[in-house]
Amino acid sequence: MAQIGFIGLGHMGQPMVCNLIKTGHQVLVFDLNEVAMQSAITLGAKAASSVAELSAASDVIFTMVQTGEQVSQLCLGEHGIFANAKPNSLYIDSSSIDVETSRELHLQAQENEIDMLDAPVSGGVKGAETASLAIMVGGDEAVFERAKPYLNCLGKNIVHAGAAGNGQVAKICNNMILAISMIGISESFNLAEKLGLPAKKLFEISSKASGQCWAMTSYSPVPDCVDNVPSNNDYKPGFTAQMMLKDLNLSQAAANTAELKTGLGAQATKIYQEFVESGHGDVDFSGIIEMLKLKTER
């Protein structure tokens with residue numbers, strides 16, 4: 001089994017590390033959060049004292065952090081991944097970041113004789129815990145084939161999206177669809193109830209009709225329609241509204257770069273911005289139904 005280094009032990013990174021260990025890999029971890037480090041050690045991981053130490057000791061390196069700036073800081077510089085990793089090592093960035101930064105890092109990795117993939121994930125904490133993540137991968141196809149044994153430990157729907165950065169493109173487009181869908185579903189359920197049709201009855205009908213979509217049948221914002229979703233647990237995430245807003249902002253930045261108008265995406269961004277600014281950033285993104293319900297009642 002390969003020596004795997006994993007940087008970033010948040011809500012997603014921690015269960016991903018757990019699944020790599022469960023499948024027999026040795027995992028060396030690093031995070032600035034000592035509590036997170038101790039939790040990973042409890043799972044069976046070993047701790048590195050620095051990014052440089054982890055990089056030098058690992059055959060495969062994962063990062064799972066918040067922003068493109070953080071990924072760049074981890075990769076670049078004298079003490080970063082690229083300067084310290086072994087030649088021909090494999091670097092997989094599973095963070096959701098801007099496309100431009102990802103493509104720039106691919107070029108830097110190539111210059112340092114490192115195989116890189118951008119491999120953002122979808123499926124939330126539940127998907128990370130159950131190793132059922134959808135993983136969208138950008139980079140050279142031969143490198144993708146090399147990475148498959150490790151990605152298979154983490155997800156079930158693993159797709160090569162094409163060239164460098166295309167994993168990030170797929171992620172932000174997918175989540176723009178998801179955000180728009182969740183808003184539409186929420187408004188429709190709120191309207192149905194206002195007009196006297198119970199939410200569960202609309203679910204029974206629409207989940208088998210042309211309104212059916214993943215956000216309804218797998219992640220219903222209405223409680224007690226689908227098992228094991230945040231709406232059944234006071235909208236505890238899950239996938240937070242703050243993280244959805246982050247991905248929507250990335251989609252709009254990419255749209256501006258591409259000189260393309262995405263009207264519904266822009267409106268969804270404004271709605272989630274309002275939700276987050278009202279103090280609900282740590283609520284699951286499906287909780288948007290509650291804010292929209294208040295607007296309907298006004």
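Tabulated values for the structure
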{"quantity": "The one condition in (1) more than 23 Å from the chain's Cα centre (by Cα); (2) not in a helix (DSSP H, G or I) that L202 fails to fulfil", "calculated": "(2)"}
{"quantity": "Residue count for the range 233-266, restricted to those that are touching a Cys at 6+ places or on another chain (Cβ under 9 Å) and polar (S, T, N, Q)", "calculated": "1"}
{"quantity": "Selection from the range 99-123 of residues that are under 21 Å from the mean Cα position of the chain (by Cα) and more than 12 Å from G155 (Cβ to Cβ)", "calculated": "V99, E100, T101, S102, R103, E104, L105, H106, M116, L117, D118"}
{"quantity": "Unmet requirement for V159, which otherwise passes all of (1) among the β-branched types (V, I, T); (2) crowded, with 17+ Cβ neighbours inside 10 Å; (3) assigned by TED's automatic domain parsing to the domain that holds K22", "calculated": "(2)"}
{"quantity": "Complete set of residues in the range 20-39 that are crowded, with 21+ Cβ neighbours inside 10 Å and assigned to a helix (DSSP H, G or I)", "calculated": "L20"}
{"quantity": "Close pairs from the range 256-267: first in a loop (DSSP other than H, G, I, E, B), partner at pLDDT 95 or above and not β-branched (V, I, T), Cβ under 6 Å, at least 6 apart", "calculated": "T262/A255"}
{"quantity": "Matching residues, the range 47-69, being surrounded by fewer than 16 Cβ atoms within 10 Å (Cβ to Cβ) and either within 19 Å of the chain's Cα centre (by Cα) or of a type in the set (V, I, T) (or both)", "calculated": "Q66, T67, E69"}
{"quantity": "Criterion violated by Y219 - all others in (1) of a type in the set (S, T, Y); (2) part of a helix (DSSP H, G or I); (3) not assigned by TED's automatic domain parsing to the domain that holds S94 satisfied", "calculated": "(2)"}
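Per-residue answers, yes or no, for (1) in the same structural domain as H11 (by TED's automatic domain parsing); (2) assigned to a helix (DSSP H, G or I); (3) under 19 Å from L292 (Cβ atoms):
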| site | (1), (2), (3) |
| --- | --- |
| S186 | no, yes, yes |
| N190 | no, yes, yes |
| K208 | no, no, no |
| N228 | no, no, no |
| G238 | no, no, yes |
| K246 | no, yes, no |
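A quick yes/no check of all residues on (1) under 19 Å from S186 (Cβ atoms); (2) modelled with pLDDT of 95 or more:
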residue	(1), (2)
M243	yes, no
L248	yes, yes
T257	no, no
G263	yes, yes
A268	yes, yes
V276	yes, yes
G281	yes, yes
M291	yes, yes
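The values are calculated or read from the model by the stated rules, or taken from the named source; none is laboratory data. Since this is a predicted model, take the numbers as computed values, not measurements. All Cβ positions, glycine included, derive from the backbone under ideal geometry; neighbour counts span all protein chains shown.
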